[in-house]
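Working notes for the structure below.
Quick note: the coordinates plus some simple rules give every number you see, no bench work behind them. Small disclaimer: the values here were computed from a predicted structure and weren't measured. Methodologically, a virtual Cβ is constructed for each residue, glycine included, from the backbone with ideal geometry; neighbour enumeration extends over all protein chains shown.
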Amino acid sequence: MREAWVVGAASNRYGKLAESAREAATRVSLAAIRDAGLEPKAIQHTFVANCFGLTERQAHLGPLLNNGLGIPEVPSVTLESACSSSSAALHEAYVHVAGGFADAALVVGVERLGHLDTMSATGYFAYAADYPFETRNGATFPGLYATLAHAYQAKYPTRPEMFGAIAVKNHANAAHNPHAHFQKEISLETYLASPVVASPLRLYDCCPFSDGAAAVVVAAREAVRSPVTEPLVIRASARAGAVTALQDRGDLTGLPSSRLAAAQAFRQAKLEPKGIDFFEVHDCFTIAEALALEDLGVFPRGTAARESEEGSTARDGKVPVNPSGGLKAKGHPVSATGAGQVVEIFEQVNGRARGREVPRTGTALAHNVGATGGSCSVHIFGRR
Ligand SMILES: CC(C)(COP(=O)(O)OP(=O)(O)OC[C@H]1O[C@@H](n2cnc3c(N)ncnc32)[C@H](O)[C@@H]1OP(=O)(O)O)[C@@H](O)C(=O)NCCC(=O)NCCS
């Protein structure tokens with residue numbers, strides 16, 4: 001195994017895309033390759049994450065992307081791992097580069113659902129749950145995460161204000177992120193007055209439906225002798241799975257795949273949670289950010305929501321979490337989300353996160369969950 005770096009990164013603004021997923025993926029891929037100071041012909045494998053291309057009548061996006069990049073002969077694979085699709089793609093790129101199968105590989109995640117109404121998009125998303133046991137019986141992702149929130153509230157003393165603090169913090173961060181879907185702050189009063197979507201989750205507990213695309217270039221250090229950016233050294237690339245249907249899990253106050261992937265990642269990086277300077281975690285709903293921080297071992301069980309209310313996870317707090325605005329406010333274009341987290345870390349390290357800088361950028365962790373945790377990736381990055 002050799003060292004692998006992230007050497008270039010790019011994202012478009014999340015929200016509603018006027019262009020097709022294919023066009024958006026090509027545009028951000030070219031931007032990421034140029035950012036790395038490379039030409040497309042330097043890319044020896046592309047990994048394309050996409051879940052809902054069929055809603056645009058387009059599958060097999062990988063070769064089409066390569067056509068657009070002018071490298072049709074290069075191998076490509078299109079991956080689906082629900083909301084963790086592009087972190088799964090990053091893992092594959094890491095394995096290829098660290099294992100010596102490619103000197104440089106491109107990861108791009110793209111999703112476009114803006115042409116669908118909320119009801120249809122909710123229906124498509126729900127196919128990532130366990131269809132016969134959950135989806136066919138009416139479960140949706142807001143409903144499934146509401147179930148996790150109920151379990152958490154039943155076990156630990158919580159108040160709505162604790163979850164509200166997570167939403168307020170993430171909206172405040174996204175207000176400084178040009179890639180974010182929502183670039184506006186909200187107050188706790190706005191959060192508390194927002195309508196209930198699936199009790200106890202309110203509108204501002206939920207991520208929106210976003211379109212978007214994000215890309216990163218992974219390369220061996222030998223392939224980029226004089227990098228034009230400050231590379232991210234991939235110190236850990238871990239993935240884990242879990243029983244998918246919630247009714248088959250013993251405990252609903254955490255995601256088993258998050259714990260397994262985190263344990264593996266900390267072992268690979270030879271680090272502990274307190275050695276990480278900032279985190280991008282999977283907050284598809286505010287409860288998910290609290291669960292993530294406990295599953296990662298950042299805070300003891302039952303305390304993450306309280307820590308958020310006390311300001312511990314703010315950009316200037318003791319553990320900055322989601323300086324990008326997270327899925328809640330930066331947005332959640334499913335297959336782009338994992339790569340987008342890495343774009344944020346790259347921008348923080350390269351001094352491009354103006355107005356939302358975190359104080360220390362020596363190490364960072366990206367945590368990306370598929371659905372309710374049937375899959376999960378944890379990546380840890382350091383600097384040279
Ligand atoms: C919360 C949710 C139900 C709202 O959908 P909706 O009621 O149809 O909302 P609309 O799209 O009609 O938007 C109405 C307004 O609310 C805003 N809005 C929509 N979703 C929002 C969200 N999650 N947070 C904040 N504002 C939101 C819109 O921007 C719009 O604002 P405007 O009137 O100023 O333009 C929907 O965003 C949702 O289901 N989110 C979860 C997605 C999901 O499950 N992802 C998978 C996670 S695993």
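Rounded to the nearest 10 degrees, the angle from helix 141-155 to the longest Cα principal axis of the chain is 50 degrees. Look at the alpha carbon pairs under 8 Å that are at least 6 residues apart: their mean separation over the length of the chain gives a relative contact order of 27 percent. Taking the Cα centre of the stretch 216-282 as reference, the dipole from Cβ charges on Lys and Arg (+1) and Asp and Glu (-1) amounts to some 240 debye.
Phi angles across the stretch 367-372 convert, under the Karplus curve 6.51 cos²θ - 1.76 cosθ + 1.60 with θ = phi - 60°, into 3J(HN,Hα) values of 10, 9, 9, x, 6, 9 Hz, Gly and Pro given as x.
Placing unit charges on each Cβ (+1 for Lys and Arg, -1 for Asp and Glu) gives the chain a dipole about its Cα centre, and among Pro256, Leu144, Ala154 the Cα reaching farthest toward its positive end belongs to Pro256. By its C-alpha gyration tensor, with a ≥ b ≥ c as the square roots of the eigenvalues, how is the stretch 256-384 shaped: rounded for a/c under 1.5, else prolate for a/b larger than b/c, else oblate? Taking the square roots of the gyration eigenvalues as a ≥ b ≥ c, the stretch 256-384 is rounded. Output needed: percent of Cα pairs per 5 Å distance bin for the stretch 193-317, bins running from 0 to the one holding the longest distance. Here the calculated profile for the stretch 193-317 is 2, 8, 14, 17, 18, 18, 11, 6, 3, 2, 1. With helices as the sole contributors, the chain gives -10500 deg cm²/dmol at 222 nm; each DSSP H run of n ≥ 4 counts as -39500 (n - 2.57), and the sum is divided by every residue. Once the Kirkwood radius over Cα pairs is known for the chain, the Stokes-Einstein relation at 25 °C and 0.890 mPa s delivers a diffusion coefficient of 121 µm²/s. Against the main long axis of the alpha-carbon atoms of the chain, helix 256-269 sits at an angle near 50°.
Extension gain for the segment Ser199 to Arg384, taken as residue separation times 0.36 nm less the Cα-Cα distance, is 62.0 nm to one decimal.
Taking a ≥ b ≥ c as the square roots of the Cα gyration tensor eigenvalues, with a/c under 1.5 meaning rounded and otherwise prolate when a/b beats b/c, else oblate, which class fits the stretch 132-218? It comes out oblate by the Cα gyration axes. Extension gain, Val233 to Lys270, is 11.9 nm, computed as 0.36 nm per intervening residue step minus the present C-alpha separation.
Computed from Cα positions, the angle between helix 85-98 and the longest principal axis of the chain comes to roughly 40 degrees. Taking the stretch 106-149 and a reference point 7 angstrom along Cα→Cβ of Asp248, the backbone N atoms nearer than 14 Å belong to 129-135. Applying 1/(1 + (r/R0)^6) with r as the Cβ-Cβ distance of Glu3 and Tyr124 and R0 = 35 angstrom yields a FRET efficiency of 0.35. The modelled label-to-label distance for the pair Val77/His60, using points 7 Å beyond Cα in the direction of Cβ, is 1.8 nm. Stretching Glu185 away from Arg136 to a fully extended chain increases their span by 13.9 nm, per 0.36 nm per residue minus the current alpha-carbon distance. For the stretch 271-346, trypsin sites (Lys or Arg not before Pro) are listed when DSSP marks them as loop and at most 16 other Cβ atoms sit within 10 Å of their Cβ; the list is Arg301, Lys318. The residue among Ala245, Ala213, Ala223 whose Cα reaches farthest toward the positive pole of the charge dipole of the stretch 169-246, with charges on the beta-carbon of Lys, Arg, Asp and Glu, is Ala223. The charge dipole of the chain, taken about its Cα centre with unit charges on the Cβ of Lys, Arg, Asp and Glu (plus for the first two, minus for the last two), comes to roughly 540 debye.
Farthest toward the dipole's positive end in the stretch 251-384, which of Gly362, Ala314, Ala329, given Cβ charges of +1 (Lys, Arg) and -1 (Asp, Glu) about the Cα centre? The residue sitting most towards the positive pole is Gly362. The C-alpha radius of gyration of the stretch 58-193, expressed as a fraction of 2.2 N^0.38 Å, stands at 1.40. Simple spin-label estimate for His115 and Lys16 gives 1.4 nm between the two label positions (7 Å along the Cα-to-Cβ direction from each Cα).
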